[in-house]
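The values are calculated or read from the model by the stated rules, or taken from the named source; none is laboratory data. Predicted, not measured: the structure shown is a model, and the values here were computed from it. In this analysis, Cβ positions are derived from the backbone assuming ideal geometry, glycine residues included, and neighbour counts consider all displayed protein chains.
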Number of protein chains: 2
Amino acid sequence: MTLRVRRNIDEMPGYVPGEQPQESGWIKLNTNENPYPPSPHVVDAICRAARGPLNVYPDALATPFREAAADVLQVDPDWILPANGSDENLTIIIRTMCDPGDVTAFPWPTYVLYESLAQIQDCRTERLYLEADGTWDEAQAQRLREQARVFFVPRPNSPTGTVWSPEALSRLVPERGLLVLDEAYADFMAGPTGIGLLKTSEFSERLVITRTLSKSYSLAGLRFGFSIAAPAITRQMRKVKDSYNCDAIAIAAATAAIQDQDWMRASREKILATRRRLVEALPAAGFRVTPGEANFVWTQHESGAHREICERLRQHRILLRYMRFSGVGPQGGVLDGIRITVGTDEQVDALLDVIGACV
Amino acid sequence: MTLRVRRNIDEMPGYVPGEQPQESGWIKLNTNENPYPPSPHVVDAICRAARGPLNVYPDALATPFREAAADVLQVDPDWILPANGSDENLTIIIRTMCDPGDVTAFPWPTYVLYESLAQIQDCRTERLYLEADGTWDEAQAQRLREQARVFFVPRPNSPTGTVWSPEALSRLVPERGLLVLDEAYADFMAGPTGIGLLKTSEFSERLVITRTLSKSYSLAGLRFGFSIAAPAITRQMRKVKDSYNCDAIAIAAATAAIQDQDWMRASREKILATRRRLVEALPAAGFRVTPGEANFVWTQHESGAHREICERLRQHRILLRYMRFSGVGPQGGVLDGIRITVGTDEQVDALLDVIGACV
């Protein structure tokens, strides 16, 4: 008899991450990586840990990291749950909260992984349709808030870079579930992050914030993220994580990274300066840019030929992210565009040099 | 309103791993770690990778490791799924195969994590009761084989070190599911591992083998495991794993480790020699040893005072693993004993020096 896996797994296509060529020679502006290297303290910490006792299990709770992050964020270490990338935090949250058939909700368009995680957990998904200016229909939001066990909201959103106000977020907190504020790009924002909400708002026990070291700390290769939530929530999430979900080297590296706030801020300032240049230059080539606050830019060209533009840039060994979202409104509809990661000045110059000829 | 997580998560106690003191000065014979360091090539590979492009995402499929492991095991790389420890492979398997309410089965006593993973997935669990000599009732096995979606079988088993024959295993392959052969300790076995079954048996499409680098490769601190299964199964499991579940440094380290088979074999030979000494010495202190083929020894003392013996050894800064299993037969019943990891000769000498005074 043929082996059958679960129906939901069999039927799902699987999440497809952005292209990751393993050879050099590409200008990679397609997966929101930080173009600058991590703090030199990270490299030192890794080599030191490599000579440590790798034959024994790591600290199951990654205590040194929790203490360092707690110090930076001014929360108690018991609020912090380190994970193998913030994708793992998102996975843990949905496995802690959602039975099959439960509703997970998210704005749309957004990070496509939320939908894949819901499919793996055999959940129903509901999309909160975004207008072009990032607003939504309050009646629909209220319905989803009543239904959702988990409401994923990235702030800034991807691919648009939109940052919703705390007041708008408060209207998405599920009545019987959690609001998950995915702050993967929050270090690039101008205003305050969601940490203040955890400490002061009336829904602080309904909120989980996720963070990653992949973007602002230049450590996409390391896989390290963490969540911040009240201990009553974090304690349940700990049951779901693998016992030793972070390895000894990653713990040492992540601890060194978060302790070097100066390095992270310097890298961020360079990226924000380059973003301004990119945003100012794109309209001359016929692009309309959505105002955003992340280390990427969401843009649409007057020709609408987004896929072709990306293909032509590929010939120049420049990778951008062509994105196409279907079902972008209650009546369906398709939205596509190009997400451009903010690289170094040199990378962005190389892009601007040729983009006019590629549109 | 109080936040409710899933009922199964709320009610489960959570898996409790063995004690991991983070300070030095302990003789740790409680969590089956390898007392010897990993290959020096591993340390070199880590430091080299630390100076590489950590700002970009790693290879999502850990291709260099898959190719190296495929070469060692003489299988195609598409049969191999690397993961963040073999615990993650086990998690991926159960999430791929089991809907809530589905049956997962395993021998009992065994690795307690199988039960925790089933609880997280809200599965029913069924125990195949083991006699003292490691045999089971064939009628019960047949019933479980009809019911189970996943049958977890560690070979060697923990805590007993039992190795079941391929013929016995063939009678556990679920009719509508997978046999998962957990070969965490297989490098310490005398006879052939399960890889041959994958290549030749009539149930090769119903079998997943899991391996870890934690034990025989001295890399518990690194978190790296992998599964070996037919591509039709591996392809479905890939949908369930996090996109980048192995980091760039772990991939480099694991690749170097598996390529240094000589180092692994030398470390194994030392451990097997020390195991013989330990097994021969324990009876003089009143212990009965279960014959086993792993890097640990399952033993019971004539006094039955296993918990107390472990507590007394703790005073000498020696950690053994006291284990207590309830429900060890259809009518209940309790089995307890002590699992002793085979350390270095010096560590085992230190244990033997004081154990007589601790019983």
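Results for (1) under 27 Å from B:S158 (Cβ atoms); (2) modelled with pLDDT under 95, shown as yes or no for each residue.
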position: B:G18; (1), (2): yes, yes
position: B:V43; (1), (2): no, no
position: B:I46; (1), (2): no, no
position: B:D71; (1), (2): no, no
position: B:C98; (1), (2): yes, no
position: B:A118; (1), (2): yes, no
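What is the one condition in (1) hydroxyl-bearing (S, T, Y); (2) more than 25 Å from A:Y217 (Cβ to Cβ); (3) outside any strand (DSSP E or B) that A:S267 does not satisfy?
Tallying (1) hydroxyl-bearing (S, T, Y); (2) more than 25 Å from A:Y217 (Cβ to Cβ); (3) outside any strand (DSSP E or B), A:S267 fails exactly one: (2).
Considering only residues that are closer than 26 Å to B:S204 by Cβ, crowded, with 23+ Cβ neighbours inside 10 Å, within 11 Å of chain A (Cβ to nearest Cβ) and among the small types (G, A, S), which ones fall in the stretch B:218-266?
Passing the criteria: B:G225, B:A229, B:A254.
Need the failing condition index for B:N32 against (1) more than 8 Å from chain A (Cβ to nearest Cβ); (2) of a type outside the set (A, V, I, L, M, F, W, C); (3) out of contact with any Pro (no Cβ under 6 Å at 6 or more places or on another chain); (4) part of a helix (DSSP H, G or I), just the number.
Unmet condition: (4).
Would you mind finding the one in A:A281, A:A285 that is of a type outside the set (F, W, Y), in contact (Cβ under 8 Å) with a residue 12 or more places away in the chain and in contact with a Gly (Cβ under 8 Å, 6 or more places away or on another chain)?
The match here is A:A285.
Does the stretch B:11-24 hold any residues that are within 7 Å of another protein chain (Cβ to nearest Cβ) and without any contact (Cβ under 8 Å) to a residue 40 or more places away in the chain, and which are they?
B:P17, B:Q20, B:Q22
Looking at the structure I just gave you, is B:L113 out of contact with any Lys or Arg (no Cβ under 8 Å at 6 or more places or on another chain) and crowded, with 24+ Cβ neighbours inside 10 Å?
Criteria not met by B:L113.
Name the residue that is farthest from the other protein chains (Cβ to nearest Cβ), counting only residues in the stretch B:52-75 that are over 24 Å from A:E19 (Cβ atoms) and outside any helix (DSSP H, G or I).
Out of the qualifying residues, it is B:Q74.
Here is a list: B:I46, B:I80, B:I27. Which entry is among the β-branched types (V, I, T), under 20 Å from B:A257 (Cα atoms) and more than 7 Å from every other protein chain (Cβ to nearest Cβ)?
B:I80
Check the stretch B:123-130 and report whether any residue there is surrounded by 23 or more Cβ atoms within 10 Å (Cβ to Cβ) and facing another protein chain (nearest Cβ under 9 Å).
Scanning the stretch B:123-130, I find no residue that is surrounded by 23 or more Cβ atoms within 10 Å (Cβ to Cβ) and facing another protein chain (nearest Cβ under 9 Å), so the answer is no.
Confirm whether A:S204 is modelled with pLDDT under 95 and among the polar types (S, T, N, Q).
For A:S204, the condition - modelled with pLDDT under 95 and among the polar types (S, T, N, Q) - is met.
Looking only at the stretch B:188-217, filter to residues that are of a type in the set (D, E, K, R) and away from chain A (no Cβ under 14 Å); which one of those is farthest from B:A254 (Cα to Cα)?
Ranking the candidates gives B:K199 first.
Any residue at all in the stretch A:24-42 that's of a type in the set (V, I, T) and either more than 24 Å from the chain's Cα centre (by Cα) or over 30 Å from A:L351 (Cβ atoms) (or both)? Talk me through it step by step, then tell me what you get.
Narrowing the stretch A:24-42 to residues of a type in the set (V, I, T): A:27, A:31, A:42.
Those still in the list that are either more than 24 Å from the chain's Cα centre (by Cα) or over 30 Å from A:L351 (Cβ atoms) (or both) too: none.
Checked against the condition, which is being of a type in the set (V, I, T) and either more than 24 Å from the chain's Cα centre (by Cα) or over 30 Å from A:L351 (Cβ atoms) (or both), the stretch A:24-42 yields no hits at all.
Look at the stretch A:309-337 and say how many of its residues are within 27 Å of A:L272 (Cβ to Cβ) and touching a residue at least 40 places away in the same chain (Cβ under 8 Å).
Number of matching residues: 12.
Just to confirm my filter: which strands (runs of 3 or more DSSP E) fall fully inside the stretch A:93-176 and include at least 1 residues that are assigned by TED's automatic domain parsing to the domain that holds A:F226, in contact (Cβ under 8 Å) with a residue 12 or more places away in the chain and of a type in the set (D, E, K, R)?
Strands (runs of 3 or more DSSP E) meeting the threshold: A:124-129, A:148-154.
In this structure, does A:P107 turn out to be away from every other protein chain (no Cβ under 13 Å) and crowded, with 23+ Cβ neighbours inside 10 Å?
So A:P107 fits the description; yes.
Residues being at pLDDT 95 or above and surrounded by fewer than 18 Cβ atoms within 10 Å (Cβ to Cβ): count how many of those fall in the stretch A:3-16.
Total meeting the criteria: 4.
From the residues in the stretch A:164-187 that are surrounded by 23 or more Cβ atoms within 10 Å (Cβ to Cβ) and hydrophobic (A, V, I, L, M, F, W, C), which one is farthest from A:F226 (Cα to Cα)?
It comes out as A:L172.
Just to be sure, is B:I228 under 19 Å from B:Q74 (Cα atoms), outside any strand (DSSP E or B) and in contact (Cβ under 8 Å) with a residue 40 or more places away in the chain?
The answer is no for B:I228.
Given (1) assigned to a helix (DSSP H, G or I); (2) of a type outside the set (G, A, S); (3) within 21 Å of the chain's Cα centre (by Cα); (4) surrounded by fewer than 16 Cβ atoms within 10 Å (Cβ to Cβ), identify the lone condition not met by B:R277.
Evaluating B:R277 over (1) assigned to a helix (DSSP H, G or I); (2) of a type outside the set (G, A, S); (3) within 21 Å of the chain's Cα centre (by Cα); (4) surrounded by fewer than 16 Cβ atoms within 10 Å (Cβ to Cβ) leaves (3) as the failure.
Would it be correct to say that A:A83 is outside the structural domain of A:L313 (by TED's automatic domain parsing), within 20 Å of the chain's Cα centre (by Cα) and of a type in the set (A, V, I, L, M)?
yes
Listed residues B:H316, B:H306, B:H301; which is under 24 Å from B:Y36 (Cα atoms) and surrounded by fewer than 23 Cβ atoms within 10 Å (Cβ to Cβ)?
When all the criteria are applied, what remains is B:H316.
So which of A:R288, A:R314 is in a strand (DSSP E or B), more than 20 Å from the chain's Cα centre (by Cα) and not assigned by TED's automatic domain parsing to the domain that holds A:F226? Break it down stepwise before answering.
Values: A:R314 fails: in a strand (DSSP E or B).
Being in a strand (DSSP E or B), more than 20 Å from the chain's Cα centre (by Cα) and not assigned by TED's automatic domain parsing to the domain that holds A:F226 holds for just one of A:R288, A:R314, which is A:R288.
I'd like the full set of residues that are β-branched (V, I, T) and over 15 Å from B:F188 (Cα atoms), limited to the stretch B:280-303. Step through it out loud before you land on a result.
Kept after step one, since they are β-branched (V, I, T), are these residues of the stretch B:280-303: B:289-290, B:297, B:299.
Selection gives B:V289, B:T290, B:T299.
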